[in-house]
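Novice: This is the structure I want to talk about, given as structure tokens.
The values are calculated or read from the model by the stated rules, or taken from the named source; none is laboratory data. Just so it is clear, the structure is predicted and the values come from calculations on it, not from any experiment. All Cβ positions, even for glycine, are placed from backbone atoms using ideal geometry, and neighbour counts span all protein chains on display. For the accessible areas, the whole protein counts, side chains as well, though only heavy atoms, and no ligand, DNA or RNA atoms are used. Shrake-Rupley method; radii C 1.70, N 1.55, O 1.52, S 1.80 Å.
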Amino acid sequence: MMKNDTVIDAHNISKIYNPETIPVFAVNDVHLHLNRGEFTALVGPSGSGKTTLLNLIGGLDRPDTGNILINNIDITKLSANKLITFRLNHIGFVFQSFNLIPVLTARENVEMIMHLQKSQRMDRDTRIKQLFEEVQLSDKIDSRPSQLSGGQQQRVAVARALASKPQFVLADEPTANLDSKSASNLLDIMAKLNTEEHITFLFSTHDQRVIDRARRVITLVDGKIVSDTLPTSTA
Amino acid sequence: MILMMAWRNIWRNKSRSMIIIFSIMLGLFAGLFVVAIYKGMLRSKVRSVIDREVGHLQIHQSKFKEDYLAEYVLPESTALVDITQLPEVKLTTQRSITNGMLSTATGSAGVTILGIVPNEERAISQLAEKIIEGDYFTEKIRNPVMVGRKLARKMKLKIKSKLVLTFTDSTNSIVSAAFRVMAIYESENTPLDERNVYVFRDDLNKLLGIGSSVHEMVVLLNRDEDLDRVTKEIQGMVPSLQVDTWKNLSPETELMVDTTNEYSYIILVIIMLALAFGIINTMLMAILERTRELGMLVALGMNKVRLFFLILWETVFLTMVGCPFGLLFSWLWINYLNRNGVDFSRFGEDMMSSFGFTNVIYPEFPYDNVIVIFLIVVITAILSSLFPALKALKLQPVEALRK
Ligand SMILES: Nc1ncnc2c1ncn2[C@@H]1O[C@H](COP(=O)(O)OP(=O)(O)OP(=O)(O)O)[C@@H](O)[C@H]1O
Ligand SMILES: [Mg+2]
């Protein structure tokens with residue numbers, strides 16, 4: 001796989017809430033460039049705009065200014081329907097909590113993404129098995145989310161995020177609701193996927209121990225990037 | 001996969017799903033029940049019109065019905081005898097009829113006097129069965145007359161009361177004669193009870209001066225289905241006479257038969273509106289409860305069409321569960337009531353009989369309407385889930401996930 005080719009290229013993006021009354025510059029003229037294979041943490045105090053920025057990059061929300069190029073496609077120009085398909089095929093998501101559909105088993109939660117992508121049924125089974133091995137949950141593959149611990153649920157969410165073979169995975173505070181052991185276990189798995197499978201991760205966090213695991217740390221304050229430590233090493 | 005999710009979703013909140021399943025069952029039952037009652041009412045009405053009032057068809061002189069003149073008797077004809085021999089014909093009787101006045105010491109009332117042959121009449125219109133007081137025609141008293149309960153009450157008549165009947169004979173002169181009440185009857189048709197009085201045909205014929213002639217021939221068939229064919233045949237046998245079926249003779253019954261469907265569908269619409277309201281409400285709640293989850297599905301890349309069908313399928317499944325149960329339940333209950341009858345008399349003594357219905361109705365499961373009613377329920381259920389499903393499409397993933 002090529003190194004240093006661009007996955008995310010965002011210019012001048014801003015998101016302003018309540019522009020008529022008291023404007024909140026949740027994201028304020030941000031430039032962000034992410035290469036394939038990065039393992040990057042987005043940090044900053046509460047209300048600094050981490051979630052908003054991740055939502056913009058993930059195509060869940062539209063910026064008020066600027067462009068976001070993912071794989072050289074400007075997602076700010078996509079129609080609502082195209083954007084949904086784009087998210088499905090190019091971006092993996094891990095949310096903070098309640099990630100999984102409660103009526104589906106762990107396997108079905110992952111399979112659903114492949115189903116939405118209309119992938120071949122034949123390929124699914126091997127891939128699902130492989131994904132569950134990677135997140136070390138092969139034994140829980142047929143459990144319902146309610147039967148899994150928070151950490152296990154987040155690992156299923158990671159497996160699901162990878163199911164579509166996305167360009168990168170966005171995770172908004174994936175460890176926020178986990179105890180430190182589960183959190184470090186989740187990080188281990190993410191880091192391993194990053195080094196071994198070259199999966200690109202961009203995650204936000206408050207947790208210093210999680211920040212320590214990142215190879216690049218972007219710090220956001222009041223919607224602006226105030227520091228950006230570039231990758232220290234390559235995978 | 002969407003189907004599986006939808007199917008499992010309906011079991012998440014069992015009580016809510018039960019509410020929808022139950023509403024669908026109830027909607028289906030109510031729809032079928034209304035039509036069943038209507039059918040039962042009509043069946044008994046038609047039966048009582050045919051078997052207890054007018055028979056299948058009647059033959060008159062063509063001018064008789066205009067003014068009931070005594071001279072308009074049926075001609076002596078072998079054709080009339082031939083009619084009684086037709087294989088489709090079960091029974092016949094011949095009546096002489098005139099309009100006149102009934103008077104007592106206290107007052108008078110207009111009546112139709114029917115001269116009958118008691119034995120034939122007993123079989124053709126169950127007249128003996130309708131007696132509530134007194135005895136069916138006996139030779140014991142001279143000039144016996146049978147009057148309806150309403151008329152008896154109005155004219156203060158009791159068994160053995162004397163009364164005078166006045167009418168014009170075949171030579172247009174007025175005759176009157178004294179009669180004695182021998183029986184009081186009550187039928188399903190109260191307006192007729194107030195009007196019709198029965199006497200021996202021989203007694204009436206003597207007074208009218210028409211010998212053994214009659215004005216009316218009543219024909220009862222073995223099977224209702226033969227009516228149109230036999231009517232044509234009989235009309236061919238007596239081309240100069242007027243042949244009427246029960247449909248012409250009791251046009252209000254015929255009208256009722258024709259408008260049943262319209263009436264029951266109006267009631268059906270009202271029931272369906274209630275059903276739709278219930279489903280819209282419950283499904284909206286179901287969606288509101290799952291905002292976050294649905295928002296996440298959109299975030300992950302589920303497109304609007306799939307989301308729409310996810311919601312729609314839930315209602316479809318609920319309908320698919322509710323309908324068979326509803327059908328079974330309706331079928332069992334309506335058939336039970338069909339055997340035991342629904343007694344409307346507790347809602348008022350005269351409520352049904354004043355419209356010419358029996359008090360006890362035997363609802364009939366409407367086999368020929370069941371598909372239509374079933375479809376109406378299914379379509380109502382699915383249309384009502386469209387609104388919540390469309391509502392779900394408006395979901396913005398960012399806002400939904402924030403919840
Ligand atoms: N829908 C909204 N309407 C108005 N203001 C909003 C909305 N969403 C976010 N904001 C504001 O935008 C700013 C950035 O919010 P955001 O959720 O991105 O911060 P965050 O860094 O993710 O915070 P946290 O660490 O608490 O999750 C905050 O000031 C917030 O109040
Ligand atoms: Mg946040």
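Novice: Kindly indicate which of A:Gly49, A:Gly92 is among the small types (Gly, Ala, Ser), within 12 Å of ligand 1 (Cβ to nearest atom) and under 16 Å from the mean Cα position of the chain (by Cα).
Specialist: Of A:Gly49, A:Gly92, the one residue that is among the small types (Gly, Ala, Ser), within 12 Å of ligand 1 (Cβ to nearest atom) and under 16 Å from the mean Cα position of the chain (by Cα) is A:Gly49.
Novice: Pick out the one residue from B:Ala299, B:Ala286 that is on the phi < 0 side of the Ramachandran plot, within 14 Å of chain A (Cβ to nearest Cβ) and in contact with an Asp or Glu (Cβ under 8 Å, 6 or more places away or on another chain).
Specialist: The conditions single out B:Ala286.
Novice: Is there any pair linking a residue in the stretch B:270-294 that is assigned to a helix (DSSP H, G or I) to one that is of a type in the set (Lys, Arg) and exposed (fewer than 15 other Cβ atoms within 10 Å of the Cβ), with Cβ under 6 Å and at least six apart or on different chains, and which?
Specialist: Here the result reads B:Thr291/B:Lys403; B:Arg292/B:Lys403, each pair linking the stretch B:270-294 to a residue that is of a type in the set (Lys, Arg) and exposed (fewer than 15 other Cβ atoms within 10 Å of the Cβ).
Novice: Check A:Leu56, A:Leu100 and return the single one that is more than 7 Å from chain B (Cβ to nearest Cβ), in a helix (DSSP H, G or I) and surrounded by 21 or more Cβ atoms within 10 Å (Cβ to Cβ).
Specialist: Matching residue, one of A:Leu56, A:Leu100: A:Leu56.
Novice: Separate question: Tally up the residues in the stretch B:375-403 that are among the charged types (D, E, K, R), away from ligand 2 (no atom under 16 Å from the Cβ) and loosely packed, with under 15 Cβ neighbours inside 10 Å, please. Explain how you work it out, then say what you get.
Specialist: Taking the stretch B:375-403 and keeping what is among the charged types (D, E, K, R), we get B:391, B:394, B:399, B:402-403.
After this cut, where a residue has to be away from ligand 2 (no atom under 16 Å from the Cβ) as well, the list is B:391, B:394.
Keeping just the survivors that are loosely packed, with under 15 Cβ neighbours inside 10 Å gives B:394.
So the count comes out to 1.
Each row is one residue, and each column tells you yes or no for (1) at pLDDT 90 or above; (2) within 16 Å of ligand 1 (Cβ to nearest atom); (3) open to solvent by 30 Å² or more (accessible area, probe 1.4 Å).
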{"site": "A:Thr175", "(1), (2), (3)": "yes, yes, no"}
{"site": "A:Lys181", "(1), (2), (3)": "yes, no, yes"}
{"site": "A:Leu186", "(1), (2), (3)": "yes, no, no"}
{"site": "A:Asn194", "(1), (2), (3)": "yes, no, no"}
{"site": "A:Ile199", "(1), (2), (3)": "yes, no, yes"}
{"site": "A:Thr205", "(1), (2), (3)": "yes, yes, no"}
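Novice: Do any strands (runs of 3 or more DSSP E) lying entirely in the stretch B:89-207 carry at least 3 residues that are touching a Cys at 6+ places or on another chain (Cβ under 8 Å), and which ones are they?
Specialist: Numbers: elements: B:89-103, B:108-116, B:131-134, B:144-148, B:162-168, B:174-185, B:196-200.
No strands (runs of 3 or more DSSP E) qualify here.
Novice: How many residues does the stretch A:147-165 contain that are modelled with pLDDT of 95 or more, open to solvent by 20 Å² or more (accessible area, probe 1.4 Å) and within 14 Å of chain B (Cβ to nearest Cβ)?
Specialist: Residues in the stretch A:147-165 being modelled with pLDDT of 95 or more, open to solvent by 20 Å² or more (accessible area, probe 1.4 Å) and within 14 Å of chain B (Cβ to nearest Cβ): 1 in total.
Novice: At least 1 residues that are more than 16 Å from ligand 2 (Cβ to nearest atom) and over 12 Å from the mean Cα position of the chain (by Cα) in each: list the strands (runs of 3 or more DSSP E) lying fully within the stretch A:149-227 that qualify.
Specialist: Output list reads A:216-221.
Novice: On to the next question. Hey, does the stretch B:306-319 have a residue that's among the hydrophobic types (A, V, I, L, M, F, W, C), more than 16 Å from ligand 2 (Cβ to nearest atom), in contact with a Leu (Cβ under 7 Å, 6 or more places away or on another chain) and open to solvent by 80 Å² or more (accessible area, probe 1.4 Å)?
Specialist: yes
Novice: Residues to consider are A:Leu34, A:Leu42; find the one that is away from ligand 1 (no atom under 16 Å from the Cβ) and under 16 Å from the mean Cα position of the chain (by Cα).
Specialist: Working: A:Leu42 fails: away from ligand 1 (no atom under 16 Å from the Cβ).
The match here is A:Leu34.
Novice: Mind checking which residues of the stretch A:90-110 are modelled with pLDDT of 95 or more and farther than 25 Å from B:Lys14 by Cα?
Specialist: Matches in the stretch A:90-110: A:His90, A:Ile91, A:Gly92, A:Phe93, A:Val94, A:Val110.
Novice: Also: If you go through the stretch B:4-17 one residue at a time, do you hit one that is under 25 Å from B:Leu307 (Cβ atoms), more than 14 Å from chain A (Cβ to nearest Cβ) and of a type in the set (D, E, K, R)?
Specialist: yes
Novice: Here's something else I'd like to know. Of all residues in the stretch B:68-88, how many are aliphatic (A, V, I, L, M) and in a helix (DSSP H, G or I)?
Specialist: Qualifying residue count for the region: 4.
Novice: Got a sec? Which of B:Phe355, B:Phe347 is at pLDDT below 90 and either surrounded by fewer than 14 Cβ atoms within 10 Å (Cβ to Cβ) or within 14 Å of chain A (Cβ to nearest Cβ) (or both)?
Specialist: Values: B:Phe355 fails: either surrounded by fewer than 14 Cβ atoms within 10 Å (Cβ to Cβ) or within 14 Å of chain A (Cβ to nearest Cβ) (or both).
After ruling out the rest, the residue left standing is B:Phe347.
Novice: Is it the case that the stretch A:8-20 has a residue that's in contact with a Ser or Thr (Cβ under 7 Å, 6 or more places away or on another chain), away from ligand 1 (no atom under 12 Å from the Cβ) and open to solvent by less than 50 Å² (accessible area, probe 1.4 Å)?
Specialist: yes
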